[in-house]
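**Student:** First the structure, which I've put down as structure tokens, then a few questions once you've had a look.
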Amino acid sequence: MFKEFKEFISRGNVIDMAVGIIVGSAFTSIVTSLVNNIFNPFIGLFLGKIDLSSLAITVGKAKIKYGLFLNSVINFLLIAFIVFLLIKFINKLSNKKQEKKAQEPSLTDQYLAEIIKLLKK
């Protein structure tokens, strides 16, 4: 069982996933800071309150903190949009590589073309 676990952990996919999770958590803190320190004050100018996290409604003894929910929604939308842009950029790069490969004939195709030219002579 230990051997199987060791093989599983040493796979490239697991290590890549771990790196992705670590970078993702660091990225989340950057986006949270961006939302709390830049976007919320800007949005707060239009709402008349600078700090959205303090927005709440009290119903009886319950306090509904919809400002914190708005912060989370903004965080999610920003992270989703940035991931979308990142994936779009990566796809564009991979498409360029594929187009470049498609334009250049393979070594086999080059040899076949030379053989055809020799046979025509």
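The values are calculated or read from the model by the stated rules, or taken from the named source; none is laboratory data. Small disclaimer: the values here were computed from a predicted structure and weren't measured. Note that each Cβ is placed from the backbone with ideal geometry, even for glycine, and that neighbours are counted across all protein chains shown. Ligands, DNA and RNA are excluded from the accessible area calculation, which covers all protein heavy atoms including side chains. Shrake-Rupley method; radii C 1.70, N 1.55, O 1.52, S 1.80 Å.
**Student:** Within segment 62-75, identify whether any single residue is in contact with a helix residue (DSSP H, G or I) (Cβ under 8 Å, 6 or more places away or on another chain), at pLDDT 80 or above and basic (Lys, Arg), and answer yes or no.
**Tutor:** Yes, segment 62-75 contains at least one residue that is in contact with a helix residue (DSSP H, G or I) (Cβ under 8 Å, 6 or more places away or on another chain), at pLDDT 80 or above and basic (Lys, Arg).
**Student:** On the basis of being open to solvent by 100 Å² or more (accessible area, probe 1.4 Å) and modelled with pLDDT of 75 or more, does Ile90 make the cut? Steps first, please.
**Tutor:** Values: open to solvent by 100 Å² or more (accessible area, probe 1.4 Å): no; modelled with pLDDT of 75 or more: yes.
In short, no.
**Student:** I'd like to know if segment 22-36 contains one or more residues that are closer than 30 Å to Phe8 by Cβ, modelled with pLDDT of 85 or more and surrounded by 10 or more Cβ atoms within 10 Å (Cβ to Cβ). Please lay out each step first, then the result.
**Tutor:** We begin by selecting, within segment 22-36, every residue closer than 30 Å to Phe8 by Cβ; these are 22-29.
Now drop any that are not modelled with pLDDT of 85 or more, which leaves 22.
Retained after the next criterion (residues that are surrounded by 10 or more Cβ atoms within 10 Å (Cβ to Cβ)): 22.
Checking segment 22-36: at least one residue is closer than 30 Å to Phe8 by Cβ, modelled with pLDDT of 85 or more and surrounded by 10 or more Cβ atoms within 10 Å (Cβ to Cβ).
**Student:** Criterion first (surrounded by 11 or more Cβ atoms within 10 Å (Cβ to Cβ) and aromatic (Phe, Trp, Tyr)) does Phe2 satisfy it?
**Tutor:** Numbers: surrounded by 11 or more Cβ atoms within 10 Å (Cβ to Cβ): no; aromatic (Phe, Trp, Tyr): yes.
It is false that Phe2 is surrounded by 11 or more Cβ atoms within 10 Å (Cβ to Cβ) and aromatic (Phe, Trp, Tyr).
**Student:** Condition test on Ala80, is it modelled with pLDDT of 85 or more, aliphatic (A, V, I, L, M) and open to solvent by less than 80 Å² (accessible area, probe 1.4 Å)? Spell out the reasoning first.
**Tutor:** On the way: modelled with pLDDT of 85 or more: no; aliphatic (A, V, I, L, M): yes; open to solvent by less than 80 Å² (accessible area, probe 1.4 Å): yes.
The answer is no for Ala80.
**Student:** Can you pull out the residues in segment 61-76 that are open to solvent by less than 70 Å² (accessible area, probe 1.4 Å) and either over 24 Å from Ser29 (Cα atoms) or among the charged types (D, E, K, R) (or both)?
**Tutor:** Ala62
**Student:** Return yes or no: is Val14 of a type in the set (Val, Ile, Thr), free of Cβ contacts under 8 Å to residues at least 12 places away in the same chain, open to solvent by 50 Å² or more (accessible area, probe 1.4 Å) and not in a strand (DSSP E or B)? Even if it seems obvious, please write down each step before you answer.
**Tutor:** Details: of a type in the set (Val, Ile, Thr): yes; free of Cβ contacts under 8 Å to residues at least 12 places away in the same chain: yes; open to solvent by 50 Å² or more (accessible area, probe 1.4 Å): no; not in a strand (DSSP E or B): yes.
No: the conditions fail for Val14.
**Student:** What is the one condition in (1) out of contact with any Lys or Arg (no Cβ under 8 Å at 6 or more places or on another chain); (2) surrounded by 13 or more Cβ atoms within 10 Å (Cβ to Cβ) that Leu55 does not satisfy?
**Tutor:** The failed condition is (1).
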